[in-house]
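Participant: The following block contains the structure, expressed as structure tokens.
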Amino acid sequence: MMILALAIALSAPPAAQSTDPRTYRIMQQFAACVVRGDKAEARAFLAMAPEGKEADAAMRRMAKERSACLRGPAGDGGKLKMKAASLRGALAEQLYLAEYSAAPAAPEGEHAAFQGSGDEKLASYDVTRCAAMRDPVGADMLVRADLNSNAEREALRKVMPAIAGCTPKGAKLGFDRELLRGLMAEGLYLHRNGAVGAGAGPG
């Protein structure tokens, strides 16, 4: 039986796991602006290895070159402290929503095999990509739901079994809602583009 320990911010989480709705909204608006301006730029960012120096450098470059996307009341004149993981998730959400107006069909038959990265540091990416492949409908529901809404809570309940089934035995993963939404959006985007799926499943 899979052991899953997820710290998802459903109520009042510790500060490190909290999601500020205002910051989340601003980041999403910035990402939507980037996607409207150049989808290829957003795709290129997602193609970079997560959590790496290249992604950090690209984030700083994007923040500078796309500073106009942060101007105005919503963006506080560009005063937004970005993290590469948050930007990656926001770009994934907005790119997915821009390219897919309808939910995917539910998969039929046995779960397709999934090959993870083999890198323990990328376990969160592997697990959520696997989950998005196994339950694309639940993942789609999560990405389309408003933050902290009843629809989001329902989507989380729906997609949790897929996340649990994709989590290696004994693994402990921590997500806040912002991170989980972004990870699921990226996994779902890659899945619908045919970029996820060959090989043995995790665990």
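The values are calculated or read from the model by the stated rules, or taken from the named source; none is laboratory data. Keep in mind that what you see is a predicted model, and the values were worked out from it rather than measured. Here Cβ is always computed from backbone atoms with ideal geometry, including for glycine, and neighbour counts include all displayed protein chains. Side chains included, ligands, DNA and RNA excluded: accessible areas come from the protein's heavy atoms. Shrake-Rupley method; radii C 1.70, N 1.55, O 1.52, S 1.80 Å.
Participant: What's the total number of residues in segment 156-183 that are surrounded by 24 or more Cβ atoms within 10 Å (Cβ to Cβ) and in contact with a Lys or Arg (Cβ under 7 Å, 6 or more places away or on another chain)?
Facilitator: Total meeting the criteria: 2.
Participant: With the checklist (1) modelled with pLDDT under 90; (2) among the basic types (Lys, Arg); (3) part of a helix (DSSP H, G or I) in hand, flag the one item Arg88 doesn't pass.
Facilitator: Just one mismatch for Arg88, condition (1).
Participant: Find all pairs meeting these conditions: Cβ atoms under 7 angstrom apart; at least six residues apart or on different chains; first residue within segment 36-63 and touching a residue at least 12 places away in the same chain (Cβ under 8 Å); second residue outside any helix (DSSP H, G or I) and open to solvent by 60 Å² or more (accessible area, probe 1.4 Å).
Facilitator: Final answer for the pair search is Ala55/Ala49.
Participant: If I filter segment 178-186 for residues that are at negative phi, not basic (Lys, Arg) and not in a helix (DSSP H, G or I), do I get at least one hit?
Facilitator: Among the residues of segment 178-186, not one is at negative phi, not basic (Lys, Arg) and not in a helix (DSSP H, G or I), which makes the answer no.
Participant: Output the residues belonging to segment 109-124 that are in a loop (DSSP other than H, G, I, E, B) and of a type in the set (A, V, I, L, M).
Facilitator: Filtering segment 109-124 for residues in a loop (DSSP other than H, G, I, E, B) gives 109-119.
Result: Ala112, Ala113.
Participant: If you don't mind, there's one more thing I want to ask. Any idea which of Ala68, Ala105, Ala84, Ala49 is under 21 Å from Gly174 (Cα atoms), open to solvent by 60 Å² or more (accessible area, probe 1.4 Å), not assigned by the TED database to the domain that holds Met184 and not β-branched (Val, Ile, Thr)?
Facilitator: Exactly one residue qualifies, and that residue is Ala49.
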